[in-house]
Structure formats: C-alpha cells, structure tokens
Amino acid sequence: MEAIESHVTSGEVRILIERLPEPFREALVLRELQDMSYREIAQTTGAPLGTVMSRLARARGMLADLVLAPAGLLGDAPDQPMTREAKP
Amino acid sequence: MMRQTPRADRQMAIHAMLDGELDAMAVVELESHLRLCVACRQELERLEHLRNVLAGQDLRHAAPAALRARVAQMAAPQRPARQNRPLGAWMGGAIGGALAASLALLIAVPDVAEPGLTQAVVDGHIRSLQAGHLTDVAMSDRHVVKPWFNGRLSFAPPVPDLAQAGFALSGGRMDVLDGRDVAVLVYRRHLHTINLFVRPAPRLPLPLGSSTRRAGFGVEHWRMDGLEFLAVSDLDPGDLSRFRADFITTAHSSAPER
C-alpha cells in the first residue's frame, strides 16, 4: 500500500483550513469543535442530513489531499478557495 | 500506486464510523467490508493519518494570542458542547466567521487524540497479571458482575455472556485510566486473559475501530452507546477482533437486560 506522509507545518495547516469553502469548513468545525452530532449540524445549518455527511466527507477529503500531499505542492497552492460545492 | 476512490456511500460510512455516528451493527458490517476492499481501507488509513497529523502538531500556538483569546471566549464554558446554539453566536464578532471557525478548530484538534492511552491500558493489563489483582469480583455470572459496578461508577458497563463464543467471563474490577475510575471486565479464552477497559466516551474521542499492537499485546478500541471500550490481550489478533465483534453483537442482542 502507498505510504502516506505529511510535510506541512502548523501554519500551512491553518492556511489550508481557511481555504476550505465555507459550507465544508462550517460542517467540519461544528463537528470537530462543537462536537455536534450530524443531526445537530443539520439543524444548525439548515442542511439535510445527507448534505452534512457529504460536506464533512468532502472537507476532510480536500484537507487530506493537501495535508498529505508530497512536499513542494503547498507552495504552489492558489490563494483562492478550493472547489466550491455544486449547486443543487 | 494510484489511490482508489471508494464508492460515495461507503466513503460516508467510513466518516460516520470515525465520528461515532454509525450504529454498532453497521460498524461490524463495514469492518467486514474493509477486510475485502482495498480502496476503503486506503481511505480509512488516509483519514486516520489526517487526524494524526492534525493532532500531532502544536496548533495551539498557531494563532496570535489575541485571536486565541477571542476564540476561547467564543467557546466559553457558559456554552457547553452538545448544545444547539445559533451559528452566528460563535462565528460572528470581531473576527470573521470563517477565520474564527478555522482557528477554533486548530485549537481544539490537538485534544482529539490521547497518545499515551494504548500504553496505559497495556500497562494496566500487565500490572493486573503481575500483581495478582485481576478481579475485585471473581464471578462468571454476568448477573453478579454487572450489579457489582452499581454505586462504584457513574455509568453501567454492559456485561454480555460470551461463553458460547469461547470467551468466558472471569470477573470485573475497578481501575484508573487517565486519572479517572474505569470498569474493567475480565474474560478468558483458553489460557489467555482479556482485560476490557470501559469508560464514558470522551467528548472528543479517539477514532473508532482502531486495532493496534504494542509490546506483543493487541489493543482493540471501539465505542458503543456512549461508552468507550479498550480490549487488551496477548490473544492472536484475529481472536481479539472476533471478541470485539462478539461483544458488540451480544451486548446489543441482550440490551433489555443491560
């Protein structure tokens, strides 16, 4: 299996999280910091439960792609936010 | 090697398992699938690694002091966790909501993992065998062992009878983990002892479904019904995994008596 390595610093992680598009970051933070259940996040944000799950999965997926990326990629990362959520 | 992408529903199930949002039976089912599916195993490994990376960095000092103080104020004790509150209440203020959210996450994440926990339960297991203090209540009858914990703990650990599965209940005792009283159930398989540490699930718990080895001992970790379980033994890894699955399924099938 492919070895997973991380080359990011604390500051880079912070920048990467800041770049997550709002709905994804929102779901991630409500889950991780507020320890909200999926249902509570759905009630708070007004999003359907399935959307909450999808946003969490995508938020972590995007972060993992960047945090666990090979060295050198981070310096080339764009300043603008990453992929936006598809319009329903 | 290219990383394969799991099916979307499996992917969400893996996240739900890590978040403790998957019921015990679904966890057992997903674990069976994980044994067969390389893509899902890679995804699980990736997510656990991400969590480790975030937890392993000292992100508390990543934010300027003034911003940390502001975030700490927003997450003040008057607004405890597990309580619905308007999003704007802690995403607004002088800091933009987005920035506050990300900083708040960075301060919280290092508390997610407990790096010494595996070693602590292995030490507890060894100590119990060496000191001859394996059980406070030596009894194979779960209807005796379970009530024994009443009044000693603020929670009631499930005590399923796993004799038919080959894991004989031997008794229970009180122990201390991370400075708090925990229940320990003791099961035996042939000449092997299994110490099962049970405590209320922490607010920011460890990832679900971990299986590790340390100093020749296996440690299985899972969560169920608001409790956290850590099973330690020198059993073969496969037998210890089976103990975990049998414990979950039997505890649930005998739920009315728990």
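Where a number appears in this text, it was derived from the coordinates with a stated rule and is not lab data. As the structure is a prediction and not an experimental result, all values here were calculated from the model. Counting neighbours? That spans all protein chains shown, and the Cβs are built from the backbone with ideal geometry, glycine included.
Points worth noting:
- Here the dipole of segment B:116-172 is about 80 debye; that uses its Cα centre as origin and unit charges on the Cβ of Lys and Arg (positive) and Asp and Glu (negative).
- Test item: A:13-24 mean partner chain Cβ contacts at 10 Å: 4
- Projected label distance in nm at B:His143 and B:Ala26, using a 7 Å step from Cα toward the beta-carbon: 3.5 nm
- Residue-wise HN-Hα coupling along segment A:36-47, computed from phi with Karplus coefficients 6.51, -1.76, 1.60 (Hz; x: Gly, Pro): 6, 6, 4, 5, 5, 5, 4, 5, 5, 8, x, 9
- Gain upon complete extension [B:Leu36, B:His190; 0.36 nm per residue less C-alpha separation]: 52.5 nm
- Averaged over the residues of peptide B:40-46, the number of Cβ atoms from other protein chains lying within 10 Å of each residue's Cβ is 3.
- Put a dot 7 Å past the Cα of B:Asn150, heading toward its Cβ, do the same for B:Gln164, and the two dots end up 2.6 nm apart.
- For B:Arg214, nonlocal amide neighbours, meaning residues 5 or more places apart or on other chains whose placed amide H falls under 5 Å from its own, are B:Val219.
- Taking B:His252, B:His133 and counting other C-beta atoms within 10 Å, the order from fewest to most: B:His133, B:His252
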